[in-house]
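Peer 1: The structure's right below; bear with me while I get my questions together.
No lab work stands behind these numbers, since they all come straight from the coordinates. Note that this is a predicted model, so its numbers are computed, not measured. Glycine also receives a Cβ, built like all others from the backbone with ideal geometry; neighbour counts cover every protein chain displayed.
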Ligand SMILES: Nc1ncnc2c1ncn2[C@@H]1O[C@H](COP(=O)(O)OP(=O)(O)O)[C@@H](O)[C@H]1O
Ligand SMILES: [Mg+2]
């Protein structure tokens, strides 16, 4: 188990998956609380390093109130981690497990999330993995930020975004038909709004017309 990484002292595990470990950590030099996202080295997959680097680069480029701010891409021996801000947020998926926000709060969350997406798209980036675990919310301050643009792509008006036909990227239940490759059309920024729409169905199914995910999947 990791207890420290460079000058960062782990305080609490926040999340763990096959690919990723996320911790609350302390910068022992400045006393600042941070979030440290590190690749899971017990299940080493070389693809995860470029993904993490892409995530860091795009978050740095997008630096603003709309995305989680990054401090450094840390390398300790062969282990890479992103050190990012801890603004006291939790993912919407976690928040929805413990709280049942009212309609006004939900609309506030929805409006703020669309502002985040607008900022990302205006910077010519498509996130491609919008879902409740990649939207972080602090219920006390009302701040919403987008995280995890690991598979995001940059585009320009001259370059049409192309899909890699050999891989299915994103979280299956949330990705748009064009992102799955089931439709013969290119992916553009609107794919994030599709995923955001599905996120809305999950957050408050009883208040919306649809009561279940359009696509059910047990895949990770
Ligand atoms: N800056 C952050 N603040 C609070 N929680 C975070 C932050 N970054 C990540 N997390 C938590 O860790 C989880 C996984 O992080 P994420 O970057 O989405 O990893 P993965 O690439 O494995 O999906 C998020 O769903 C959220 O619960
Ligand atoms: Mg994620």
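Peer 1: Most exposed first by the Cβ proxy, i.e. fewest other Cβ within 10 Å, how do 104, 14, 83 rank?
Peer 2: The most exposed by this proxy come first: 104, 14, 83.
Peer 1: Based solely on its DSSP helices, what 222 nm [θ] is calculated for the chain when runs of n ≥ 4 H residues each add -39,500 (n - 2.57) and the sum is averaged over all residues, nearest 500 deg cm²/dmol?
Peer 2: For the chain, the value works out to -8500 deg cm²/dmol.
Peer 1: Please report the antiparallel percentage of the DSSP beta bridges confined to the chain, to the nearest 5.
Peer 2: So the antiparallel bridges amount to about 95 percent of the total.
Peer 1: Which order do 194, 174 fall in if you start with the one that has the fewest other Cβ atoms within 10 Å?
Peer 2: 194, 174
Peer 1: Given labels modelled 7 Å from the Cα in the Cβ direction, how far is it in nm from residue 75 to residue 183?
Peer 2: 4.1 nm
Peer 1: Can you give me the convex hull volume of the Cα atoms of the range 1-53, divided per residue and expressed in Å³?
Peer 2: Per residue, the Cα convex hull of the range 1-53 comes to 80 Å³.
Peer 1: Extending each Cα 7 Å along its Cβ direction at residue 94 and residue 18, get the distance between those two points in nm, one decimal.
Peer 2: A separation of 2.3 nm, rounded to one decimal place.
Peer 1: With all pairs of different alpha carbon atoms counted, what Kirkwood hydrodynamic radius in Å does the chain show?
Peer 2: 18.3 Å
Peer 1: Sort the following peptides by mean Cβ neighbour count (other Cβ atoms within 10 Å, averaged over residues), highest first: 42-49, 65-72.
Peer 2: Per-residue mean Cβ counts within 10 Å order the peptides as 65-72, 42-49.
Peer 1: A further question follows. Could you list 73, 107, 92 in order of exposure, starting from the residue whose Cβ has the fewest other Cβ atoms within 10 Å?
Peer 2: Exposure proxy ranking, most exposed first: 107, 73, 92.
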